[in-house]
1. Looking at PRO80, PRO110, which is the one that is of a type outside the set (Lys, Arg), over 25 Å from ASN191 (Cβ atoms) and out of contact with any helix residue (DSSP H, G or I) (no Cβ under 7 Å at 6 or more places or on another chain)?
2. Look at the stretch 74-90 and say how many of its residues are hydrophobic (A, V, I, L, M, F, W, C) and buried (at least 21 other Cβ atoms within 10 Å of the Cβ).
3. Among the residues of the stretch 173-213, which ones are under 14 Å from SER130 (Cα atoms) and either open to solvent by less than 20 Å² (accessible area, probe 1.4 Å) or in contact with a His (Cβ under 7 Å, 6 or more places away or on another chain) (or both)?
4. For the stretch 108-146, enumerate the residues that are open to solvent by 20 Å² or more (accessible area, probe 1.4 Å), assigned to a strand (DSSP E or B) and closer than 18 Å to SER92 by Cβ.
5. Within the stretch 74-86, how many residues are outside any strand (DSSP E or B) and either within 18 Å of SER149 (Cβ to Cβ) or of a type in the set (D, E, K, R) (or both)?
6. What is the number of the single condition among (1) part of a strand (DSSP E or B); (2) under 29 Å from the mean Cα position of the chain (by Cα) that SER154 does not meet?
7. Taking the stretch 63-73 as the region of interest, how many residues are open to solvent by 10 Å² or more (accessible area, probe 1.4 Å) and either out of contact with any Gly (no Cβ under 7 Å at 6 or more places or on another chain) or assigned to a strand (DSSP E or B) (or both)?
8. Based on this model, can you work out whether VAL162 counts as open to solvent by 60 Å² or more (accessible area, probe 1.4 Å) and free of Cβ contacts under 8 Å to residues at least 60 places away in the same chain?
Amino acid sequence: MRTRLAPLLAALLACTPVTTDAPPSQPPPSTAPGLPATAAPAPTPTPAPQPAPETLEERNVSKSAGTAGGVTVLWPRIIPREIVDDNRSLASALQQQMRRIVEKHLPGRPIDFRPEPERVCPKEGCAGVSVGLLLSRQGQGCLVIALVSRPGASPTKIVPWVGKVQLRSDTVGFREWPESQITVDDMVPCNSLLTTMDAQEPAIAAALQAAAQ
């Protein structure tokens with residue numbers, strides 16, 4: 001029996017295809033756990049620089065230089081500073097009175113009438129004649145000075161209007177404080193201020209006309 005099976009087994013082995021063991025399939029590489037990908041954050045925009053707030057002196061500068069051949073009537077300078085709030089109405093009445101004088105003695109010229117608190121010309125000066133005022137008050141006594149300048153960064157002519165003063169100089173440098181040249185001798189009652197202004201109008205008219213030449 002063993003002799004008969006041997007040739008048959010050999011024949012079967014010859015007909016069976018020969019196979020080789022394939023290497024085991026490799027599993028896909030594992031992905032290490034981690035945070036999900038995210039987009040890069042957008043950069044924070046840099047805020048635009050803000051202009052510095054105006055100083056008190058900068059607020060007092062006229063936002064307009066006026067026009068060549070015209071007249072800029074500036075808001076009055078009121079001293080001491082502590083009385084400003086209580087004397088706005090009086091300052092406005094004085095400015096209107098100055099406008100009337102300008103219209104009378106420099107007729108036909110355009111007038112740039114500046115609001116509070118614009119009481120000095122820009123640093124290059126006003127384009128035309130400029131007229132300012134100084135109002136000083138102590139109790140019930142008032143003093144008013146007219147301030148007249150030629151076009152440009154010109155010295156200011158000091159013209160006493162109401163009250164008695166002594167002047168160390170009748171001019172002051174461009175945008176300098178006129179009170180530095182004034183010694184007060186006498187004030188007038190504030191309630192009669194607008195009725196005692198006519199006496200000095202000729203001096204103011206002369207200063208205006210000289211500045212306009």
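The values are calculated or read from the model by the stated rules, or taken from the named source; none is laboratory data. Because the structure is a prediction, the values reported are computed rather than measured. So basically every Cβ, Gly included, is an ideal-geometry build from the backbone, and we count neighbours across all protein chains shown. With ligands, DNA and RNA removed, areas are computed over all heavy atoms of the protein, side chains included. Shrake-Rupley method; radii C 1.70, N 1.55, O 1.52, S 1.80 Å.
1. Values: PRO80 fails: over 25 Å from ASN191 (Cβ atoms).
Result: PRO110 is the single residue among PRO80, PRO110 that is of a type outside the set (Lys, Arg), over 25 Å from ASN191 (Cβ atoms) and out of contact with any helix residue (DSSP H, G or I) (no Cβ under 7 Å at 6 or more places or on another chain).
2. Taking the stretch 74-90 first, the residues hydrophobic (A, V, I, L, M, F, W, C) are 74-75, 78-79, 83-84, 90.
After this cut, where a residue has to be buried (at least 21 other Cβ atoms within 10 Å of the Cβ) as well, the list is 74-75, 78.
The qualifying residues number 3.
3. Answer for the stretch 173-213, where residues must be under 14 Å from SER130 (Cα atoms) and either open to solvent by less than 20 Å² (accessible area, probe 1.4 Å) or in contact with a His (Cβ under 7 Å, 6 or more places away or on another chain) (or both): ILE204, ALA205, ALA207, LEU208, GLN209, ALA211.
4. Listed by number, the residues that qualify are ILE111, ASP112, PHE113, VAL120, ARG137.
5. Our first condition is that a residue be outside any strand (DSSP E or B); within the stretch 74-86, this holds for 74-76, 80-86.
Adding the requirement that they be either within 18 Å of SER149 (Cβ to Cβ) or of a type in the set (D, E, K, R) (or both) leaves 74-76, 81-82, 85-86.
Residues in the stretch 74-86 being outside any strand (DSSP E or B) and either within 18 Å of SER149 (Cβ to Cβ) or of a type in the set (D, E, K, R) (or both): 7 in total.
6. Going through the list (1) part of a strand (DSSP E or B); (2) under 29 Å from the mean Cα position of the chain (by Cα), SER154 breaks only (1).
7. So the first thing to find is which residues in the stretch 63-73 are open to solvent by 10 Å² or more (accessible area, probe 1.4 Å), and the list is 63-69.
After this cut, where a residue has to be either out of contact with any Gly (no Cβ under 7 Å at 6 or more places or on another chain) or assigned to a strand (DSSP E or B) (or both) as well, the list is 63-65.
Number satisfying all stated conditions: 3.
8. When the stated conditions are applied, VAL162 does not pass them.
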